[in-house]
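See below for the structure under consideration.
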Amino acid sequence: MAAPLELFSWKGSWGLPSVNTECLIVLAYARFAGVPLKLHKTANPWGSPTGTLPALKTGEDGSFSQPSKIIIEFRKQKYNADFDLSAKEGADTLAFISLVEEKLMPALIYTLWVDPKNYVEVTRRWHGDNIPFPLNFFLPSHMRRQQLARLRLIKGNEALEAGEEVEKELYHDAQECMDLLSQRLGSSKFFFGDSPSSLDAHVFGYLALVLKIKLPCGQLQQHLQSLDNLTQFCSNILTLYFPSELDEGPAHKISIQPEASDLDSGPNKKRKQLLSLFFALGAMLSYALLTGIVSVEHVSIEDSRESQDISEGQPGEEDE
Amino acid sequence: MSLAAEAFVSQMAAAEPWPENATLYQPLSDEQILLSDNASSLAVQAYLKMCALPVRVSCRANAEFMSPSGKVPFIHVGNQVVSELGPIVQFTKAKGHSLSEGLDDVQRAEMKAYMELVNNMLLTAELYIQWCDDSTAGEISRPRYSSPYSWPLSHILAYQKQWEVRRKMNAIGWAGKSLEQVYEDVNECCQALSQRLGTQLYFFNKQPTELDALVFGHIFTILTTRLTSDALAERVKGFSNLLSFCKRIEQTFFEEADQSSASSLHSKGPSLL
């Protein structure tokens, strides 16, 4: 590979390498397969090459945002975590990924973005604190609208709103799904023997979020905590493949600031300074224009005309 | 169907035995029904036949609007109405008819996972081909879907449906896929099913389960439905064990009904039987 792969991902919190399922899946897969990545952890989706997170920037093929496409791209570069799987295990991988996407994803969208209490106290707060100014004012509510629309279309219910009945149905499906995963995992370390595969990455992406984020309405978390092998599975992957996050875990409140500035480094800081300068200038100018200082501009134009006349006149006089 | 209603239904259901006059409703089978609805309907019929529960198939032009969840097929049993395979399986279970009792925990997990695989990939691919491929939508799906209605309404309903499906494809990230990629996905899904089935009679040894019914419904319908091109059926035909699996289920469970209901499915199906 000529150019290194660059991955843009939501930054982490709560002892997780990222706060977004899809980013977690991609990160876990990359660690499992040993992909060398230049990692940009950010809280600004507009800074990614595709406008969403996660995004993979490759040298020749452009950028990708869907986790499945990113994983295919990793495989093209010969980093394959599923290399050792038999054909039947490959089939099981597809099937269980479908199960998780159909049953667990809607509940996770609901619990993070639609449930009003969780959204206001945790999701919006985190995004408001971390997304850079001025995006943090409208991006969280924009993301919420997107997720709600997505959930409505997935469930085929145009009028879906936060409510007890919807919640019950979604959580019932999700809890059943967790039970099934727990039964399938049994007492083994990973889903297929001793080394992790793409199915482990997918399951980890969903369950780690459920396990680690402390939500005021945490039925999913309570249920997951009752399934010992799944919680063990998640913490295993965290300790084995993301040891640095665990150290930062307890002290994440303090470490967020330095972490962000570390990763955003020099050029970003300068860019921020420039941006704020432009913003201040823009605000001052528009204030000036709006409050009738426009006349000053007219005067200045006339002034310059006068001075031009003078300067045109003077050489003429000299000629004569 | 909501969970509370579901719990209520299953409570009610346990009390009564399966009646003789149970009815399954689906859109008009000759001129209206589309591939995806036909597949779902056939899956439910196969499931009920596997359970040896008699059901009369009734075709209604407005079946979709009669269904409590807006999806076909649905069954009317006694004084209850249940739609889609998942809830119907639960409903029959409450009445004491179940195909997956003999499975252990891991097998049950696998069964559910493969059922979601069929729903997630095959069903979505069918919907995509029906409504997002312009030639199929224009030549087959819209005219068939709106066939019972007269002019202004037929257009409105067909485009409304197409719009709805396309928005759903957007939400699940399929909108950017090309037709070729969708065929590739179908291939991948069939590959997985074929691997899982191997040389067994049914997906879990000698006993059919709801997974067998679901796979049969979709594969059989894909093989026997004429679309603008044969590409979809050709992808599926490559898997010989899935073909013989469909033939086997058809022989075992649909033999006597072959003259009446299944014969209409056989517009192009000499390959099976």
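The values are calculated or read from the model by the stated rules, or taken from the named source; none is laboratory data. Since this is a predicted model, take the numbers as computed values, not measurements. Glycine also receives a Cβ, built like all others from the backbone with ideal geometry; neighbour counts cover every protein chain displayed. Quick note on the areas: whole protein, heavy atoms, side chains included, nothing else; ligands and nucleic acids left out. Shrake-Rupley method; radii C 1.70, N 1.55, O 1.52, S 1.80 Å.
Tabulated data for the structure shown
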| quantity | calculated |
| --- | --- |
| Distance between region A:39-85 and region B:138-209 - C-alpha centres, whole angstrom | 28 |
| DSSP bridge orientation in region A:5-76 - percent antiparallel, rounded to nearest 5 | 50 |
| Burial ranking of peptide ranges A:201-214, B:180-193 (average Cβ count within 10 Å, highest at the top) | A:201-214, B:180-193 |
| Cross-link table A:K76/A:K189; A:K117/A:K212; A:K57/A:K270; B:K206/B:K237, entries beyond 20 Å C-alpha to C-alpha | A:K76/A:K189; A:K57/A:K270; B:K206/B:K237 |
| Antiparallel DSSP beta bridges within the protein assembly as shown, as percent of all bridges there, nearest 5 | 60 |
| Region B:105-253: translational diffusion in µm²/s, Stokes-Einstein, Kirkwood Rh over Cα pairs, 20 °C, 1.002 mPa s | 130 |
| MRE, 222 nm, helices only [DSSP H, n ≥ 4, -39500 (n - 2.57), over chain B, to nearest 500] | -16500 deg cm²/dmol |
| Buried on assembly, region B:68-117 (at least 30 Å² less accessible surface than by itself, 1.4 Å probe) | B:D105, B:V106, B:A109, B:E110, B:K112, B:A113, B:Y114, B:E116, B:L117 |
| Accessible heavy-atom area order of A:W46, B:W174, highest first, probe of 1.4 Å | A:W46, B:W174 |
| Shielding by other protein chains, A:179-187, mean Cβ within 10 Å | 4 |
| Dipole in debye (nearest 20) - region B:3-94, about Cα centre, beta carbon charges: Lys, Arg +1; Asp, Glu -1 | 160 |
| At least 10 Å² accessible surface lost relative to isolated chain, residues of region A:77-100 (1.4 Å probe) | A:A87, A:K88, A:A91, A:D92, A:L94, A:A95, A:F96, A:S98, A:L99 |
| Derived scalar couplings ³J(HN,Hα) [region A:112-125; Karplus, 6.51 cos²θ - 1.76 cosθ + 1.60; whole Hz; x for Gly, Pro] | 8, 10, 9, 4, x, 5, 4, 5, 5, 7, 10, 4, 5, 4 |
| Cut-off under 5 Å, modelled amide H: who pairs with B:V57 long-range | B:L24 |
| Nearest-10 value in Å² for the accessible area of B:D230, using the 1.4 Å probe | 80 |
| Total charge dipole magnitude, region A:1-119, about the Cα centre, Cβ charges on Lys, Arg, Asp, Glu only, Debye to nearest 20 | 340 |
| A:M284, B:M169, ranked by accessible area, largest first (probe 1.4 Å) | A:M284, B:M169 |
| Within the accessible area of chain B (1.4 Å probe), percent carbon and sulfur | 51 |
| Heavy-atom accessible surface that A and B bury in contact, both chains counted, 1.4 Å, Å² to 100 | 2400 |
| Charge dipole magnitude, Cβ of K and R +1, D and E -1 - region B:163-261, Cα centre, debye nearest 20 | 240 |
| Average accessible surface area per residue within chain B, 1.4 Å rolling probe, Å² | 43 |
| Share, in percent, of DSSP beta bridges within chain B that are antiparallel, nearest 5 | 70 |
| Residue mean of other protein chain beta carbons inside 10 Å, A:35-42 | 0 |
| Per residue value of the accessible surface for region A:56-147 (all protein chains in place, 1.4 Å probe), Å² | 47 |
| Inter-label distance, nm, simple model (7 Å from Cα along the C-beta direction), B:E139/B:N79 | 5.0 |
| Selected from A:F190, A:L211, A:N157, residue furthest toward positive end of dipole (region A:157-222; charges at beta carbon) | A:F190 |
| Protection proxy ranking of B:85-92, B:131-138 - average other beta-carbon atoms within 10 Å, highest first | B:85-92, B:131-138 |
| Inter-chain Cβ neighbour average for residues B:190-200, partner chain, 10 Å | 3 |
| With every protein chain in place, region A:38-128: carbon and sulfur % of accessible area (1.4 Å) | 54 |
